Amino acid sequence: MRIVVLFGSEMGTAEAVAECVAEELADHDISVYDMTDFAIEDIDSGVFHVIVCSTYGDGDLPTGAEPFFDALDASSPDLTGLRFAVFGLGDSVYGDTFNRGGEIAAQKLSERGAIQVGEHARHDASTEIKPRDMAREWARALPLAAVPEPAPV
């Protein structure tokens, strides 16, 4: 199975988490990209996408993810058939805006017809749990068997 891991980070934690997810799923054909380096035209509905996204400011997308989602909004591609999973990062001390970056990412993809699979992970920086450890456990639990393989071309 082909898997693309896209990360949107402000301080680098989402990038580190994306690398951990890729290590955990290394028995698949996997690629990791910063959202700033990934064009909307490169989204392939036949590829499973993992989104790792931090939260910045007042519950916003991180600076590294904004251009990607702005381009998604501008081009409004039909993402029917795309399956994706989300690992969000945030801090519960921020109350209502906790983990909004990952939630915004999931909402924007779903609005275009993509289907989220597995548990939406929400790491809390206010806990003792290290984001890399949570990411490894989460990646092992992803229901990849439920993701249909693309039809041969």
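Report yes if some residue within segment 131-149 is more than 16 Å from the chain's Cα centre (by Cα), open to solvent by 60 Å² or more (accessible area, probe 1.4 Å) and touching a residue at least 40 places away in the same chain (Cβ under 8 Å); otherwise report no.
yes
Kindly establish whether residue 126 is under 24 Å from residue 16 (Cβ atoms) and small (Gly, Ala, Ser).
Working: under 24 Å from residue 16 (Cβ atoms): yes; small (Gly, Ala, Ser): yes.
Considered against the rule, which asks whether it is under 24 Å from residue 16 (Cβ atoms) and small (Gly, Ala, Ser), residue 126 comes out as yes.
So which of 92, 54 ends up being of a type in the set (Ser, Thr, Tyr), open to solvent by less than 30 Å² (accessible area, probe 1.4 Å) and at pLDDT 95 or above? Please lay out each step first, then the result.
Details: 92 fails: open to solvent by less than 30 Å² (accessible area, probe 1.4 Å).
Just a single option satisfies the conditions, and that option is 54.
Please specify each residue of segment 21-65 satisfying the condition of being under 22 Å from residue 148 (Cβ atoms), outside any strand (DSSP E or B) and touching a strand residue (DSSP E or B) at 6+ places or on another chain (Cβ under 7 Å).
Result: 21, 22, 25, 28, 47.
Could you give every pair whose Cβ atoms fall below 6 Å, whose first residue belongs to segment 64-77 and is over 13 Å from residue 6 (Cβ atoms) and open to solvent by 60 Å² or more (accessible area, probe 1.4 Å), and whose second residue is of a type outside the set (Asp, Glu) and in a helix (DSSP H, G or I), counting only separations of at least 6 or pairs across chains?
75/40
Which residues, counting only those in segment 86-112, are within 18 Å of residue 134 (Cα to Cα) and acidic (Asp, Glu)?
Result: 91, 103.
Output the number of residues of segment 21-33 satisfying the condition of being farther than 12 Å from residue 50 by Cα and either touching a residue at least 24 places away in the same chain (Cβ under 8 Å) or charged (D, E, K, R) (or both).
Going through segment 21-33, the residues farther than 12 Å from residue 50 by Cα turn out to be 23-24, 26-29.
Keeping just the survivors that are either touching a residue at least 24 places away in the same chain (Cβ under 8 Å) or charged (D, E, K, R) (or both) gives 23-24, 27-29.
Here the count works out to 5.
Output the residues belonging to segment 66-109 that are polar (S, T, N, Q) and either assigned to a helix (DSSP H, G or I) or within 18 Å of residue 39 (Cα to Cα) (or both).
Of the residues in segment 66-109, the ones polar (S, T, N, Q) are 75-76, 80, 92, 97, 99, 107.
The answer is 75, 76, 80, 92, 97, 107.
The values are calculated or read from the model by the stated rules, or taken from the named source; none is laboratory data. Note that the structure is a prediction, hence the values are computed from the model and not measured. A quick note on method: Cβ atoms are made from the backbone with ideal geometry, for glycine too, and the neighbour counts reach across all protein chains shown. Note: areas computed on protein heavy atoms with side chains; ligands, DNA, RNA excluded. Shrake-Rupley method; radii C 1.70, N 1.55, O 1.52, S 1.80 Å.
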